[in-house]
């Protein structure tokens, strides 16, 4: 299990920080994407399986797929193999430093950009994409750029029946509910090695944090624009399922 020092090290990262991490040869692939090894090592096949369940068009032959901020760990490598087996058109958008960690493959297009600042790709993909993956990324977007511009731009890419997965979203409201519960208190005691219960504070400003209000606002904005949008739980065996959740948005 990760210790507090590990978590603090990865607490506040942005696009430029990830470019630096990607070039640091002393780091593991998981550390380069902002996670202690204990949170991701050996767990990414289960994460990828959950992504496949939530985006069924990822199994479609010849599908057009976009991954925004894929990073360089096992998940994008599995996605590249998966897409190749199905002769899909796969687009990866991230920093050049991060994309350089991933092997080139037929059908795979890499765009070095801070999405959505890639107008040529957006024009090429408008209304064509069957599945968009934004996994463990939304909380950085929330701080680094305009969330609504990001969401509106991404939704315009979806083909009829296509879906967007905003995955692994840390929700501070969900975290508080968990740590206020008996299960959460027990988890906290085991994690810290101390008998004190976690300190929970309600009705206060949480700078740079996604909470229930943001989650529901995303759903409302997508639905108001004519899309179906749902909050979905992560399977309990995923490493952060007790305080993270997913949103799936589908174009009818």
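Bear in mind that the values in this text are calculations on the coordinates, not laboratory data. All values derive from a computational prediction rather than experimental measurement. Note that each Cβ is placed from the backbone with ideal geometry, even for glycine, and that neighbours are counted across all protein chains shown.
Residues are listed down the side, and each one gets a yes or a no for (1) in contact with a strand residue (DSSP E or B) (Cβ under 8 Å, 6 or more places away or on another chain); (2) farther than 30 Å from residue 149 by Cβ; (3) buried (at least 16 other Cβ atoms within 10 Å of the Cβ); (4) in contact (Cβ under 8 Å) with a residue 40 or more places away in the chain:
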site: 174; (1), (2), (3), (4): yes, no, yes, yes
site: 186; (1), (2), (3), (4): no, yes, no, no
site: 198; (1), (2), (3), (4): no, yes, yes, no
site: 208; (1), (2), (3), (4): no, no, no, yes
site: 215; (1), (2), (3), (4): yes, no, yes, yes
site: 218; (1), (2), (3), (4): yes, no, yes, yes
site: 227; (1), (2), (3), (4): yes, no, yes, yes
site: 243; (1), (2), (3), (4): yes, no, yes, yes
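Select from the range 35-50 the residues that are in contact with a helix residue (DSSP H, G or I) (Cβ under 7 Å, 6 or more places away or on another chain), in a loop (DSSP other than H, G, I, E, B) and buried (at least 18 other Cβ atoms within 10 Å of the Cβ) and list them in ascending order. Hit for the range 35-50 is 36, nothing else.
With respect to residue 151, determine if the residue is touching a residue at least 24 places away in the same chain (Cβ under 8 Å), surrounded by 13 or more Cβ atoms within 10 Å (Cβ to Cβ) and touching a strand residue (DSSP E or B) at 6+ places or on another chain (Cβ under 7 Å).
Numbers: touching a residue at least 24 places away in the same chain (Cβ under 8 Å): yes; surrounded by 13 or more Cβ atoms within 10 Å (Cβ to Cβ): yes; touching a strand residue (DSSP E or B) at 6+ places or on another chain (Cβ under 7 Å): no.
So residue 151 does not fit the description; no.
Would you point out the residue of the range 92-108, among those that are assigned to a helix (DSSP H, G or I) and in contact with a strand residue (DSSP E or B) (Cβ under 8 Å, 6 or more places away or on another chain), that is surrounded by the fewest Cβ atoms within 10 Å (Cβ to Cβ)? Talk me through it step by step, then tell me what you get.
First, pick out the residues of the range 92-108 that are assigned to a helix (DSSP H, G or I): 96-99.
Now drop any that are not in contact with a strand residue (DSSP E or B) (Cβ under 8 Å, 6 or more places away or on another chain), which leaves 96, 99.
Values: 96: 13, 99: 21.
Checking each candidate, the answer is 96.
Condition first: in a helix (DSSP H, G or I) and under 21 Å from the mean Cα position of the chain (by Cα). Now tell me which residues in the range 75-91 satisfy that. Of everything in the range 75-91, those that are in a helix (DSSP H, G or I) and under 21 Å from the mean Cα position of the chain (by Cα) turn out to be 75, 76, 77, 78, 79, 80, 81, 82, 83.
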